[in-house]
Structures are given as structure tokens and as C-alpha cells.
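Peer 1: Handing you this structure, nothing more for now.
The values are calculated or read from the model by the stated rules, or taken from the named source; none is laboratory data. In this text the structure is predicted, and so the values were computed from the model without any measurement. FYI the Cβ positions are ideal-geometry reconstructions off the backbone, even for glycines, and counts take in every protein chain you see.
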Amino acid sequence: MDDTTVPVSMAQALEAFFADAAMSDHPATRARIIAVRRHLDVFLDTEAERALVPDERILVEAEREIDPVAAVARVAPPEALIAALPGFLEDAWLLPAQADARVQVRVVAQLAEWVTHHGLAPGMECFVHQIHTAVRDARRSIADRALPGAPPG
């Protein structure tokens with residue numbers, strides 16, 4: 001094993017996933033995927049730090065002094081992405097338009113599958129299960145939005 005190998009960052013994993021992902025040829029869906037990516041970037045900048053270990057938080061703080069935008073993604077590993085993704089499907093982070101929220105859920109499910117399939121987050125099975133649960137719950141929440149008399153949200 002080569003000890004000089006640099007570990008993959010969350011940002012590198014996201015770039016590779018979105019480059020590989022052939023999620024749709026439909027222009028409206030592609031536009032939604034881009035919107036989900038931007039929304040995910042904001043989420044990671046503001047919320048993903050909770051999924052980091054103390055040493056990673058120190059690196060993020062140092063990185064923020066250089067450039068605060070996407071600091072977490074640049075220094076955190078893909079495991080932190082997997083740990084943070086369930087939070088991206090909480091009601092507070094679901095995109096308001098139903099079609100956008102459905103694409104958000106699909107992107108999260110495919111992203112988690114892609115990261116684990118590529119072996120970028122070994123030992124994260126518990127968090128992958130949490131993502132599956134969050135996907136199921138988010139789909140219910142989105143469906144409930146469409147029901148007559150459902151509270152706005």
C-alpha cells in the first residue's frame with residue numbers, strides 16, 4: 001500500500017458523482033439537478049460540520065480562513081458526506097417545490113449509492129441505513145404536501 005496516497009475529499013467525490021451521474025436527458029430535470037447541487041453546497045457549508053470529528057473541524061476552520069465557500073467539502077472525507085446526507089432530507093432543507101424536492105430525494109439516494117459503490121465511505125453502513133430512512137420519510141413528506149388541507153411546507 002502506498003502511504004503517500006492523498007485521501008479523496010468530499011468535494012472530489014461530489015464532482016465525480018455529478019460528472020458521472022446521467023440522471024436525466026430532460027432539460028427541466030437537469031436544471032433541477034443543478035439547483036439541488038447548489039442547495040446541497042449551501043447545506044454542506046452550513047450544516048455538515050456537525051458530522052465532522054474534532055480534527056476535521058480544525059482543518060475546516062483553517063480552510064475557511066483561506067476561502068470560506070465550500071471549506072467543509074474541500075477538507076472533509078466522503079464519510080462525512082454520508083453522515084450529513086440524512087439532514088439534507090429533513091423538512092427544513094427540502095426544496096419548496098414538489099418537483100424539486102423529488103429530484104433532491106432522488107439525488108441523495110443515488111449519491112449515497114454511488115459513494116458506497118465506489119468504496120469511498122467504508123464502515124458507514126449505519127449511516128447508509130439512516131439515509132434510506134430519510135429518503136422514505138422525505139418522500140412521505142413531499143406526498144403529504146400534495147394532499148388537500150395539508151399544512152404548507
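Peer 1: Could you tell me whether any residue of segment 127-146 is farther than 15 Å from LEU85 by Cβ, buried (at least 17 other Cβ atoms within 10 Å of the Cβ), among the small types (Gly, Ala, Ser) and modelled with pLDDT of 95 or more?
Peer 2: Checking segment 127-146: at least one residue is farther than 15 Å from LEU85 by Cβ, buried (at least 17 other Cβ atoms within 10 Å of the Cβ), among the small types (Gly, Ala, Ser) and modelled with pLDDT of 95 or more.
Peer 1: Among the acidic types (Asp, Glu), more than 13 Å from the chain's Cα centre (by Cα) and under 25 Å from GLU90 (Cβ atoms), is that true of GLU47?
Peer 2: No.
Peer 1: Then there is this: When segment 24-71 is examined, which residues are found to be in contact (Cβ under 8 Å) with a residue 24 or more places away in the chain, under 21 Å from GLN130 (Cβ atoms) and loosely packed, with under 13 Cβ neighbours inside 10 Å?
Peer 2: Residue satisfying the conditions is ARG50 alone.
Peer 1: Take ALA121 and tell me if it is surrounded by 20 or more Cβ atoms within 10 Å (Cβ to Cβ), small (Gly, Ala, Ser), touching a residue at least 24 places away in the same chain (Cβ under 8 Å) and not in a helix (DSSP H, G or I). Even if it seems obvious, please write down each step before you answer.
Peer 2: On the way: surrounded by 20 or more Cβ atoms within 10 Å (Cβ to Cβ): yes; small (Gly, Ala, Ser): yes; touching a residue at least 24 places away in the same chain (Cβ under 8 Å): yes; not in a helix (DSSP H, G or I): yes.
Against the criterion (surrounded by 20 or more Cβ atoms within 10 Å (Cβ to Cβ), small (Gly, Ala, Ser), touching a residue at least 24 places away in the same chain (Cβ under 8 Å) and not in a helix (DSSP H, G or I)), ALA121 qualifies.
Peer 1: Another question about this same structure. When you look at VAL75, is it under 17 Å from SER9 (Cα atoms), buried (at least 17 other Cβ atoms within 10 Å of the Cβ), in contact with a Ser or Thr (Cβ under 7 Å, 6 or more places away or on another chain) and not charged (D, E, K, R), yes or no? Lay out the reasoning, then the answer.
Peer 2: On the way: under 17 Å from SER9 (Cα atoms): yes; buried (at least 17 other Cβ atoms within 10 Å of the Cβ): yes; in contact with a Ser or Thr (Cβ under 7 Å, 6 or more places away or on another chain): yes; not charged (D, E, K, R): yes.
Yes.
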